[in-house]
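No value in this document is a laboratory result; all are computed from the given coordinates. Please read these numbers as outputs of a predicted model, since none were measured by experiment. Positions of Cβ are backbone-derived with ideal geometry, glycine not excepted, and every protein chain shown enters the neighbour counts.
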């Protein structure tokens, strides 16, 4: 599974960007896989939270934001930003009209 220079080998669970291995936590890996399955699609915080954490999003927790921030940091250490925040809508992998 891939998008631009990001790849995840689902058999080995190995993630790379620009040929460099990414040391991701299980939740970061799950987030990345969800984004890779839906490039260009706006994913709401509720949808992400329910699919990655398998829990209902309460709107109060910043757990999702913390994990997205860390995933971005790791991805951006090897290239430009890929995960965009769309205010009051969610997140998107790649370009999306605001």
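Structure notes:
- Relative contact order %, the chain, counting alpha carbon pairs below 8 Å whose residues are six or more apart: 28
- Ranked list, fewest to most other Cβ atoms within 10 Å of each Cβ, for 60, 43: 60, 43
- Ellipticity estimate at 222 nm from DSSP helix runs (n ≥ 4, -39,500 (n - 2.57)) divided over the chain, nearest 500: -10500 deg cm²/dmol
- Shape call, segment 17-98: gyration tensor on alpha carbons, a/c limit 1.5: oblate
- Compared with the dominant Cα axis of the chain, that is its longest principal axis, helix 63-76 is turned about 20°.
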